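Take a look at the structure below.
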Amino acid sequence: MIRLAIVSPCYNEEEILELSAGKLLELLDTMSADGKVSSDSFVLFVNDGSEDATWSVIEKLHGRDARICGISLAHNVGHQNAIMAGMMTARGMVDGVVTVDADLQDDIKCIPQMVDLYAQGNEVVYGVKVSREADPVLKRYSAQAFYKLQESMGVQTIYNHADFRFMGKRALDGLAQFDERNIYLRGIIPLIGYRSATVDDVISNREAGKSKYTLRKMLNLAFDGITSFSIRPIQIITITGTVMLILAFTMLIYVIVSRILGHYVPGWSSLMLSVWFIGSVLTISIGIVGTYIGKMYMEIKHRPRYIIEHSMLPK
Ligand code: UDP
Ligand code: MG
């Protein structure tokens, strides 16, 4: 039997917390009655610098049932950092953590299944959205287009998985070794390794309150999701420069042929050639400088080079 923490980030969620806390406690009751988790498992709400009464609601809920716990961050740090804060706080106290958004749009009935899969040796269990019917059309398609774009940039992620997942103790210890600041958990967690599994997650509608993910927050997340893992955009610059150089040479041939055939305007050939040639040289140069910056960027993250899964060493 494992001790479980359910970590849930909350930003201005006063309207929904009571409802969500009730559902989570009920789930913990059933799971401990079924012998899946210990009775001292708990819910950890992370108040991400809310401007409303979120924290006092959490305090009140804690007064009623001590299994509702919380930490309150000094200011708003965003969804990803809030989840990280919760997981790192729970690490060391528990055997595993489930992260789920406070609005419980994810299917929490998957959690017992996640715990079973952990017992079968999976260190990470991803909730994968099998149906996004409840998501607005625009959000659904933009998210899917984004996952495809990420894939084409060489970022390894789990398709249609957001941040509903189970992580065992060892995976949490692995995660703690990633020192970077612009965190995009969906990209980092697959880098930790270990055996993983997925469960089918059916998304439902938000029961109270509004979405806290503004367009700006969403675009920032998407941008981090690519630029924190891939330097392919820089490679694209170098490739563009090379293509321009090829065009410059084509232009050279065209200019020479025009001269031989005698139909040209004075000054035109040198101008055309210079424009293409200088343009390509500049673009290639930016690409080369960018390559070095890209390498520094990857170095500066101080990511762990490896994480040992098993070892058998002399005593
Ligand atoms: N959230 C957060 N900090 C923020 C924005 C959102 O902790 O700056 C939390 C929010 O309270 C919720 C989760 O992140 O628990 C997901 O947000 P939301 O449900 O509003 O996003 P959506 O489901 O619409 O993508
Ligand atoms: Mg939501």
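The values are calculated or read from the model by the stated rules, or taken from the named source; none is laboratory data. Nothing here was measured: the structure is a model prediction, and the numbers come from that model. Cβ atoms come from the backbone with ideal geometry, glycine included; neighbour counts cover every protein chain shown.
Please give the number of the condition Gly63 fails out of (1) more than 28 Å from the chain's Cα centre (by Cα); (2) under 15 Å from Pro9 (Cα atoms).
For Gly63, the failing item is (2).
Would the range 186-202 turn up any residue that is of a type in the set (Val, Ile, Thr) and over 23 Å from Lys109 (Cβ atoms)? Walk me through it before giving the result.
Start the filter on the range 186-202 by keeping residues that are of a type in the set (Val, Ile, Thr), which leaves 188-189, 192, 198-199, 202.
Of the ones still in play, those that are also over 23 Å from Lys109 (Cβ atoms) are 188, 192.
Yes, the range 186-202 contains a residue that is of a type in the set (Val, Ile, Thr) and over 23 Å from Lys109 (Cβ atoms).
Pairs please, first residue from the range 194-219 and under 16 Å from Gly78 (Cα atoms), second anywhere and acidic (Asp, Glu), Cβ atoms under 8 Å, 6+ apart in sequence or on different chains.
Qualifying pairs under 8 Å: Lys212/Glu13.
Restricted to the range 120-132, and to residues that are of a type outside the set (Lys, Arg) and in contact with a Lys or Arg (Cβ under 8 Å, 6 or more places away or on another chain), which residue is surrounded by the fewest Cβ atoms within 10 Å (Cβ to Cβ)?
Restricting to residues being of a type outside the set (Lys, Arg) and in contact with a Lys or Arg (Cβ under 8 Å, 6 or more places away or on another chain), the top hit is Gly121.
Can you confirm whether Val46 is in contact (Cβ under 8 Å) with a residue 40 or more places away in the chain, outside any loop (DSSP other than H, G, I, E, B), under 22 Å from the mean Cα position of the chain (by Cα) and farther than 21 Å from Glu13 by Cβ?
Values: in contact (Cβ under 8 Å) with a residue 40 or more places away in the chain: yes; outside any loop (DSSP other than H, G, I, E, B): yes; under 22 Å from the mean Cα position of the chain (by Cα): yes; farther than 21 Å from Glu13 by Cβ: no.
Answer is no for this residue.
If I filter the range 133-144 for residues that are within 16 Å of ligand 2 (Cβ to nearest atom), touching a Gly at 6+ places or on another chain (Cβ under 9 Å), under 21 Å from Asp201 (Cβ atoms) and part of a loop (DSSP other than H, G, I, E, B), do I get at least one hit?
no
Anything in the range 60-77 that is buried (at least 18 other Cβ atoms within 10 Å of the Cβ) and either charged (D, E, K, R) or within 16 Å of ligand 2 (Cβ to nearest atom) (or both)? List them, or say none.
Within the range 60-77, just Arg67 meets the criteria.
Would you please name the residue that is farthest from ligand 1 (Cβ to nearest atom), looking only at residues in the range 32-79 that are in contact with a strand residue (DSSP E or B) (Cβ under 8 Å, 6 or more places away or on another chain) and of a type in the set (Ser, Thr, Tyr)?
Ser38
Please list, ordered by first then second residue, the pairs with beta carbon atoms under 7 Å, 6 or more apart or interchain, first in the range 84-102 and in contact (Cβ under 8 Å) with a residue 60 or more places away in the chain and over 19 Å from Ile16 (Cα atoms), second basic (Lys, Arg) and outside any loop (DSSP other than H, G, I, E, B).
Close Cβ pairs (under 7 Å, with a partner that is basic (Lys, Arg) and outside any loop (DSSP other than H, G, I, E, B)) amount to Asp95/Lys169; Gly96/Lys169.
Mind checking whether some residue in the range 82-89 is within 9 Å of ligand 1 (Cβ to nearest atom), over 17 Å from Leu27 (Cα atoms) and within 18 Å of the chain's Cα centre (by Cα)?
The answer is yes, given that some residue of the range 82-89 is within 9 Å of ligand 1 (Cβ to nearest atom), over 17 Å from Leu27 (Cα atoms) and within 18 Å of the chain's Cα centre (by Cα).
Only one residue in Asp107, Asp101 is at pLDDT below 95, surrounded by 17 or more Cβ atoms within 10 Å (Cβ to Cβ) and in contact with a Ser or Thr (Cβ under 9 Å, 6 or more places away or on another chain). Which one?
Testing whether each residue is at pLDDT below 95, surrounded by 17 or more Cβ atoms within 10 Å (Cβ to Cβ) and in contact with a Ser or Thr (Cβ under 9 Å, 6 or more places away or on another chain) leaves just Asp107.
Being surrounded by 14 or more Cβ atoms within 10 Å (Cβ to Cβ) and closer than 17 Å to Asn81 by Cβ is the filter here; which residues of the range 203-226 pass it?
Lys212, Tyr213, Lys217, Met218, Asn220, Leu221, Ala222, Asp224, Gly225
When you scan the range 153-169, how many residues do you find that are away from ligand 1 (no atom under 16 Å from the Cβ) and either without any contact (Cβ under 8 Å) to a residue 12 or more places away in the chain or surrounded by 16 or more Cβ atoms within 10 Å (Cβ to Cβ) (or both)?
First, the residues of the range 153-169 that are away from ligand 1 (no atom under 16 Å from the Cβ): 153-159, 166-169.
Now restrict to residues that are either without any contact (Cβ under 8 Å) to a residue 12 or more places away in the chain or surrounded by 16 or more Cβ atoms within 10 Å (Cβ to Cβ) (or both): 153, 155, 157-158, 166-169.
Residues flagged as away from ligand 1 (no atom under 16 Å from the Cβ) and either without any contact (Cβ under 8 Å) to a residue 12 or more places away in the chain or surrounded by 16 or more Cβ atoms within 10 Å (Cβ to Cβ) (or both) within the range 153-169 amount to 8.
Residue-wise test of (1) over 28 Å from Thr238 (Cβ atoms); (2) among the aromatic types (Phe, Trp, Tyr).
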residue	(1), (2)
Met251	no, no
Arg259	yes, no
Gly267	yes, no
Ser270	no, no
Phe277	no, yes
Gly287	no, no
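Pick from the range 208-229 the residues that are charged (D, E, K, R) and within 11 Å of ligand 1 (Cβ to nearest atom): which of them is nearest to Pro136 (Cα to Cα)?
It comes out as Lys210.
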